[in-house]
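The values are calculated or read from the model by the stated rules, or taken from the named source; none is laboratory data. These figures come from a predicted structure and were not determined experimentally. FYI the Cβ positions are ideal-geometry reconstructions off the backbone, even for glycines, and counts take in every protein chain you see. Accessible surface is based on the protein model in full, side chains and every heavy atom, while ligands, DNA and RNA are left aside. Shrake-Rupley method; radii C 1.70, N 1.55, O 1.52, S 1.80 Å.
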Amino acid sequence: MLILLPPSEGKADAGTGRRLDLARLSLPELTGARARVLAALVGLCAGPGGATARGGTATGHEAAALEALGLTPGLAGELRRNARLERAATVEAGRLYTGVLYEALDLATLPPSAQRTARRSVLISSGLWGAVRLTDRIPPYRCPIGARLPGVGALSAYWRRELSPVLEAAAGGGPVLDLRSGAYAATWTPRGELAGRTVTVRVLHERDTPSGPVRSVVSHFNKATKGRLVRDLLTAGARPRTADGLVAALRDLKYTVSEQPVSAGRPRAVDVVVTRL
């Protein structure tokens with residue numbers, strides 16, 4: 001089973017290990033694509049003559065860089081961090097991301113067997129790296145999927161061209177649990193036979209009202225549910241061989257799951273219904 005997760009804006013403040021080495025990251029077919037994005041991001045954030053990297057006064061260049069990355073002026077410090085990425089200390093991706101989903105997943109407290117499965121099965125989407133495994137060592141960075149970089153263009157379109165054959169190979173012959181958010185999901189949509197093996201998840205909150213139960217889509221708290229869902233699958237040692245088996249595994253874990261109709265050749269869509277957030 002392949003599990004696809006989104007990244008999180010929350011990240012560790014600093015790396016603690018060796019400098020970034022693109023050649024040591026998993027999915028080596030993406031090395032060239034990663035190098036191009038990294039160079040464009042560093043160049044954009046460093047500015048002419050590396051002024052941003054030296055921590056110089058804010059300039060028109062800095063404002064333009066923030067706009068290209070979709071960041072607010074209060075995040076100007078992220079430009080200086082990005083400008084130093086090529087020589088920054090790294091941390092495992094599984095420890096880098098600290099948002100709601102990753103807090104609920106709580107990788108560090110998983111049983112050893114579940115941690116081993118997670119290292120094999122989980123891929124995290126990224127605007128900078130395309131996709132990484134939990135054990136890949138990368139530095140803290142800020143590069144949203146909505147960014148537009150010089151010479152690269154819109155990252156969503158860029159990774160759409162690069163990721164398809166790599167993720168198809170990573171999926172192998174088993175099911176895919178796709179928990180990416182919309183912007184990251186747009187970088188790769190499984191097609192054909194693989195779509196039939198892919199399950200996407202929407203989280204619905206069910207609450208009682210005077211006129212009966214009402215279900216609504218949740219946003220922020222859907223991340224926590226997805227983190228718990230992955231944790232439960234890993235802890236249970238679930239190893240489904242098909243999409244049907246994956247849906248059955250969720251139901252065995254006492255999740256309320258309902259399937260939604262989808263067009264032929266599209267990933268299967270399920271709703272996970274929760275009564276608490």
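Quick rundown of the values:
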quantity: Cα gyration tensor shape for segment 121-194, rounded if a/c is under 1.5, else prolate or oblate; calculated: oblate
quantity: Contact order normalised by residue count of the chain, Cα under 8 Å, 6+ apart, percent; calculated: 23 percent
quantity: The chain, accessible area per residue, ligands and nucleic acids excluded (1.4 Å, Å²); calculated: 46 Å²
quantity: Mean separation of Cα contacts under 8 Å (6+ apart) over length of segment 65-184, as relative contact order %; calculated: 29 percent
quantity: Sparse-neighbour loop sites [trypsin sites (Lys or Arg not before Pro); segment 1-34; at most 12 other C-beta within 10 Å; DSSP]; calculated: ARG18
quantity: Dipole moment magnitude, nearest 20 debye, the chain about Cα centre, only Lys, Arg, Asp, Glu C-beta charged; calculated: 440 debye
quantity: Those trypsin sites (Lys or Arg not before Pro) in segment 228-257 that DSSP places in a loop and that have at most 14 other beta carbons within 10 Å; calculated: ARG241, LYS254
quantity: Helix axis angle, 31-46 relative to the chain longest principal axis, alpha carbon, degrees; calculated: 50 degrees
quantity: Fraction of accessible area attributable to carbon and sulfur, the chain (%, probe 1.4 Å); calculated: 51 percent
quantity: Under Karplus coefficients 6.51, -1.76 and 1.60, residue-wise ³J(HN,Hα) of segment 166-182 in Hz, glycine/proline x; calculated: 6, 6, 4, 5, 5, 5, x, x, x, x, 10, 9, 9, 10, 5, 6, x
quantity: Segment 189-242 versus segment 153-185: alpha-carbon centroid distance in Å; calculated: 18 Å
quantity: Rounded to 10°, Cα long-axis angle of helix 60-69 versus longest principal axis of the chain; calculated: 20 degrees
quantity: Using alpha-carbon coordinates, inclination of helix 112-121 to the longest axis of the chain, degrees; calculated: 70 degrees
quantity: Loop sites in segment 177-226: trypsin sites (Lys or Arg not before Pro), DSSP, at most 15 other Cβ within 10 Å; calculated: ARG191
quantity: Residues whose placed amide H lies under 5 Å from that of ASP136, excluding near-sequence neighbours; calculated: ALA93, GLY94
quantity: Reach of LYS254 by Cα under 29 Å, taken over lysines that are not fewer than 8 positions away in the same chain; calculated: LYS223, LYS226
quantity: Residue-level accessible surface for LEU101, protein heavy atoms, 1.4 Å, Å²; calculated: 10 Å²
quantity: The chain, helix-only ellipticity at 222 nm - DSSP H runs n ≥ 4, -39,500 (n - 2.57), divided by all residues, nearest 500; calculated: -11000 deg cm²/dmol
quantity: Residue (of SER164, THR275, VAL217) at the positive-pole extreme of the chain, dipole from beta-carbon charges; calculated: SER164
quantity: Choice from VAL91, VAL122, VAL218 showing the highest fluctuation, given a GNM over the chain with Cα pairs closer than 10 Å; calculated: VAL218
